[in-house]
Structure formats: structure tokens, C-alpha cells
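Here the structure comes first, spelled out in C-alpha cells, and everything after it is commentary.
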Amino acid sequence: MISLHIGTNSKGRSHMGPLAGLRVIDLTSVVMGPYATQFLGDFGADVVKVEAPAGDLIRSIGPSRHPDMGPMFLNANRSKRSIAINLKSPEGKALLLRLCKDADVLVYNVRPAAMARLGLSFEEVSAVNPRIIYAGLYGYGQDGPYAARPAYDDLIQGGATVAHLFRSSGSADPRYIPSAVADRVVGLMALSAILAAVVARQTTGKGQRVDVPMFESMVSFILSDHLGGLSYDPPLDRGGYARQLAPNRRPLKTANGHVCALIYTDDHWRRFLTEIGEPERMDDPRFGTFRGRNGNYDVVYAWLLEKFETRTSEDWIALLDRIDVPVMAMHDFESIMQDPHLQAVNFFRHVTHPTEGAMVSMANPVRMSDTPVDPPRLAPNFAEHTLEVLREAGLSQPEIDALVRDKVVLAR
């Protein structure tokens, strides 16, 4: 059993989640980094979001009541405090290093070369705090030819074969998944890596550099399903998992809509075919065994598409639930908010933001019995906590006044 004692940096904090005491300096912006650090904050870490003088770009995305508080920002930056520092100034760099002296983790998501130009490389930051975990989330591993390239979610989806999956499964053209899936998957990988480094520090007493490249991480994520016969030398096929790439693997059209069902195991198929009055179909080798279906998904899924059009969505959901075969309603963005399960577990929560008013917030889905996961604050306004954080860091009022006057920091 590991006893994880984080530290005592949570000045003035009343929230006691599993990471209470962990101080995080968050230099990230847009989606990937903020999504990772939001989980750290939800788990109780004191996350200080350091924004550039122009603010996080994602603040301006989507419909909003105020120009810098868009929904994508709100949903990736709760459980944080916001300060604004001009890191391109010598005074801003010195201030950031001062904040790092008392921090456990620094997270950034620009290219490492940019951090070096700012004078905030791993060597420079660890020189002021050898215990700090210095975590970088960026496009490509720094020992390969793509090291200096910029990266965004769309590029990484294409490079990691995601767009190819659409074409391989019957789409006329390659496509991107209409979600920042690479940003969020890699953000969660970074979360696990950061926490692993924190645990390692309990043994070594030292911090370390943690590098989480998007491209390599997403290739690992996708090819865990689709490397297929290319896993062998020589290859057994050209890669790809047949069931996932079957052109007819899609929500099943019903008499009045669609449902999502996965009749997967032999027991599932036996119960399903018996219930609909066709148990003899289990004698067909294309349907009767897992191996048989695995080689005939085009036939199996085409048959299911035709069969499901004969009844309503409600009828199919009731039938499949009754025989314990996996089924789910196909939601849209509005109906998901009325899902009875999500309502029962209080996933969508009506909250009041100090400046944005009445809002709907999503709960952190993780539950812990002894250290409840309870996000301590909603997303911050730009530079809302600059003065508070600087006072906590021990700066005198004249020092703070000078930084504000010289526009090294911005404060509300």
C-alpha cells in the first residue's frame, strides 16, 4: 500500500479532495492541457491558471453571455484560479519562477523550444525547485523529425489514422471525429503520467520532467484496436479491427428513430434470437459463434439493420433490457440532458456562476468513498485571482502595485 502525502501548499483552501495540498502552476491553454489540469483541480489540487495578457484563446469560442466566458472554456477550466502574467518580460519570468518555488507541478502545452525561449526550460525551473514535476503536453516527441512542428487536434487525428478509419469503414471521404478527441485523450494520458510522477517523488524526493507527445500517444490509443495483423512480423493482414470497421456498424434505425445495441456474445445472440422467434439462426455459422460473426460482420450487421426497422425504439430498448443485452438510446445534445440515468446520478447540475448567472455544469464522473471528488469552484474570470495569488506568494503590496503598473501582471 502506498501512503501518498502530497504536501502543505494549499494556503487558504477548504476543499479536501484526494489531491488536497498539491499546488499546480498551469500554463496551458485551449483544450488538451486545461482538460488535464481541470481533473487535478476537481481532485482537490490548487490549480493556478497562468494566462497570457490576451487570455486563453478558448474563452472566445461559442455562444456566451460575456465575450471571454464561452462554454468550452467554462467546461475545461473549473476548479482553477486565474492570474495573468506577461511571461515575455524579465519581470514576468522572474515572477513565474517565484511561484514555482512553492509548487508541486508545472504543466504547459506549447512546444518545449518556446519554453526554453521564455527561460522556463526544465533545467531552469528545476533549479529553483528540484521537487517540481515539469509536465509538457505538445505535438511530437522531441527526438524525432517532427519535433519543431506545431500540432492541433485535427492534424493528430489525421496522422494517427483516425480519418483513415472513416474511409476504411465505408465513408466516401476521410473525416475527423467531430470532437477534440485527441486533445482530451492525450490530456487524460497526461493526467495519469503527472500523478505517477507525484507518486514516484514520494520515494525519490525529486521531481522530474514528464513529456506527453500528442502524436505518439494518439497512435498508441488508436492502434491498440487497429494494429491487427500488423502486430506480427511478417504481417498477417493490413491492419484494422473488422467489427469496428464494418460499414453497417452504426446506430440501428427503428420504426421511429434509432437505438444503439451490441449483441456481442454467444449468450447475447441466443437470448436475442429466441426472444424474436428465430432461435434456428444460431445454427447458421455466420451467426452462431463469436468466431463466425467475426468473419461476417457485413452480413450480420446488414441483417440487424433490416430487423430493427420492424419495431419502435421503445420496444427494442424494453426487449433488450429484459433479456440483458446491451442497449442505449441514441441521444442528441438536448435529449442527453433528459436522460433518466444522468438525472438520477445528478450529472447535470444547475449552478449559479458569480458573473455568468444560472448555468448547467457537468459533474466529475469519478467517485471516491473516502475523498469525495467535488469541484471547489466554477471557471474563473480572466485574471480574477492575480492579487490573491501574489499575496499568497509573499509579495508585498508595493511589489504588487509595481507589477500591475508596469503591466507585468493584469488584475481585475
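The values are calculated or read from the model by the stated rules, or taken from the named source; none is laboratory data. Here the structure is a predicted model, which is why all the values come from computation and not from measurement. No Cβ is skipped: glycine too gets one built from the backbone with ideal geometry, and neighbour counts run over all protein chains shown.
Taking the criterion of being in contact (Cβ under 8 Å) with a residue 24 or more places away in the chain, out of contact with any Ser or Thr (no Cβ under 8 Å at 6 or more places or on another chain) and not in a helix (DSSP H, G or I), the residues of segment 164-208 that qualify are SER169, GLY170, ALA180, GLY205, LYS206, GLN208.
The single condition among (1) assigned by TED's automatic domain parsing to the domain that holds TRP303; (2) free of Cβ contacts under 8 Å to residues at least 24 places away in the same chain; (3) aromatic (Phe, Trp, Tyr) that TYR232 does not satisfy is (1).
Among the candidates SER313, SER335, the residue that is of a type in the set (Gly, Ala, Ser), surrounded by 12 or more Cβ atoms within 10 Å (Cβ to Cβ), at pLDDT 95 or above and over 30 Å from PHE382 (Cα atoms) is uniquely SER313.
Within the set ARG286, ARG271, ARG291, the sole residue that is basic (Lys, Arg) and surrounded by fewer than 13 Cβ atoms within 10 Å (Cβ to Cβ) turns out to be ARG291.
Scan segment 97-117 for residues that are crowded, with 21+ Cβ neighbours inside 10 Å and not polar (S, T, N, Q) and report the count. The number of residues fulfilling the criteria is 9. Considering (1) assigned to a loop (DSSP other than H, G, I, E, B); (2) within 23 Å of GLN38 (Cβ to Cβ); (3) modelled with pLDDT of 95 or more, the lone condition that ASP374 does not fulfil carries the number (3).
When GLY257, GLY277 are screened for being surrounded by fewer than 17 Cβ atoms within 10 Å (Cβ to Cβ), within 30 Å of ASP339 (Cα to Cα) and modelled with pLDDT of 95 or more, only GLY257 passes. Does any residue of segment 170-177 turn out to be buried (at least 18 other Cβ atoms within 10 Å of the Cβ) and not acidic (Asp, Glu)? There is no residue in segment 170-177 that is buried (at least 18 other Cβ atoms within 10 Å of the Cβ) and not acidic (Asp, Glu). Of note, VAL210 satisfies the criterion of being under 25 Å from GLU124 (Cα atoms) and among the hydrophobic types (A, V, I, L, M, F, W, C).
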